[in-house]
Amino acid sequence: MSQSSSQRPTVVVVDGYSAGNFYPKAFTETGARVVHVQSTPELIPTMLAPGLSAYEENIVEDDEQALVERLRRLGPVCVVAGQEGAVPLADRLSEALGVPSNGTRLSAARRDKYEMIEALRRAGVRCADQFKSSDVRELTDWAEERGVYPVVVKPLSSAASDGVYICNNAEEVTAAATAGLASQDIFGTDNTEILVQSYLKGTEYIVDTVSSDGEHYTCGVWQYEKTLLPSGKNIYNRDILLAPDAGPVPALVAYVHQVLAALDVRWGPAHAEVIMTDEGPALVEIGTRLNGNIHAGFHDVCLGHNQAHLTAQAYLRPRRFRQEYGGRVYTRRQPGVVYNTPTEQSGVVDTINTRAVDEIRALDSVFLAGPKLAPGSRIRPTTDLLSSTMRVYLTTHDQRQLDADYDTVRSLKDSVYQLASQA
């Protein structure tokens, strides 16, 4: 007989958008009841909305103290951030409620990209040079005075490569900073300051972790394959799952442990992006939330677990989690690739070519594939992760089959959308 609602521990998910949609099932299967906190009066339109029917309750409360008291009556055992923008609120709520928490002391550094790197610098962890300002001239002058190009220009608190430019001269810095200050990030917040950083040259990697009371488990390391466009946008192509004994993995894992310590990350998931430079690993950024490319079923096949379910175990079964996973590294059960398909198409989607979609889905190694756009949607040349047209998950024991199927998807991706008009 299943536990009654009153007997099960309560878990709070704040803004369970996008990958956060995997939390309700993960926590429910680990024995909890799950409630959702929606931090805005209306749902944020730029992200995949939370599946609110998966929660026992959705709480919308704009008075934070009243929210704390309302949650306190539920007796929660943990509060987790469902997406990047929810991290500060989740930190404040968990601290106020006295449940396992990364706390608020370094909360800003776990969200604000400038404060993040400065926290590493204070801790003696390798990191980029940087400068932030609300003044375009000051940003350009810093790049010029430093005298080493390229540099990276980006918002302080966005995600998914939104607003990130690689600039090769002062004119490009000025243009990127001007565009950034005139826009909002993907969470609808005005960019009042812009960050310029030294360019970290090397291959970029994802390092995903889950922590329980300061003991960390590395649950996946993926190599980014990116394409640099003439515009200065560095767009995602493939994320390639590495074997845990592959050359860079031990150094990346050791470095990310330093980052977690510097940012006081003791609980829950983290998604780090790290570049292996000639001097060693250096952080691009880290988010204390799930990997945005997670698909629980896909990760279960490739890795034998997924970050959402591991997070549930870290909070609800901490002693068992630390015994099984503390200080350890994942096993790759079979190769895996996540392909965010780019496009140069521009226009309005008339129809979805279901024959092309079916052909992609029928490939031996394709675990999941689905168009992001619907008829009537605007399609534009890919400039970032948000403007990719499909996400395709591929996995199989046969690496040659995986590579061949990836090539086939590349050849079919632009036939998925039939356009009504050309821009």
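Note on Lys25: accessible area is roughly 130 Å² with a 1.4 Å probe, heavy atoms of protein only. Computed as a quarter of the hull surface, the mean projected area of the alpha carbon convex hull for region 292-412 stands at 9.0 nm². By accessible area, using a 1.4 Å probe on protein heavy atoms only, the chain has 47% of its surface on carbon and sulfur. Here region 195-222 is scanned for amide nitrogen atoms under 19 Å from the site 7 Å beyond the Cα of Leu228 along Cα-to-Cβ, giving 196-206. A Gaussian network model of the chain, with springs between Cα atoms under 10 Å, assigns the largest mean-square fluctuation among Tyr149, Tyr55, Tyr406 to Tyr149.
Stokes-Einstein diffusion of region 210-364 at 20 °C, 1.002 mPa s viscosity, Kirkwood radius from Cα pairs, rounded to a whole number: 123 µm²/s.
Taken over region 1-85, the convex hull of the Cα atoms encloses 88 Å³ per residue. Derived value for region 84-202: Kirkwood hydrodynamic radius 15.1 Å. Basis is the mean of 1/r over every pair of different alpha-carbon atoms.
Label separation (Arg355 vs Arg378): 3.1 nm, computed from points 7 Å beyond Cα along the C-beta direction. Where in region 357-383 is the amide nitrogen less than 11 Å from a point lying 7 Å along the Cα-to-Cβ axis of Gln401? Those under the cut-off are 363-366. Measuring against 29 Å, Cα to Cα, the residue pairs Lys226/Lys372; Lys25/Lys372; Lys113/Lys201; Lys132/Lys201; Lys132/Lys226; Lys25/Lys132 contain Lys25/Lys132 as the ones spanning a longer distance. Rounded to two decimals, the Cα-based Rg/Rh of region 34-73, with Kirkwood Rh, is 0.99.
For the chain, the solvent-accessible area of protein heavy atoms averages 42 Å² per residue (probe radius 1.4 Å; ligands and nucleic acids excluded). The mean sequence distance of close C-alpha pairs (under 8 Å, at least 6 residues apart), as a share of the length of the chain, puts its relative contact order at 14 percent. In terms of Cα atoms, the Rg and Dmax of region 43-131 work out to 15.9, 46 Å. Sorted largest first, the spans of the alpha carbon positions of the chain along the three principal axes are 58, 54, 46 Å.
The values are calculated or read from the model by the stated rules, or taken from the named source; none is laboratory data. Keep in mind that what you see is a predicted model, and the values were worked out from it rather than measured. Neighbour counts run over all protein chains shown; Cβ positions are idealised from the backbone, glycine included. Areas reflect the complete protein model, heavy atoms only, side chains present, ligands, DNA and RNA absent. Shrake-Rupley method; radii C 1.70, N 1.55, O 1.52, S 1.80 Å.
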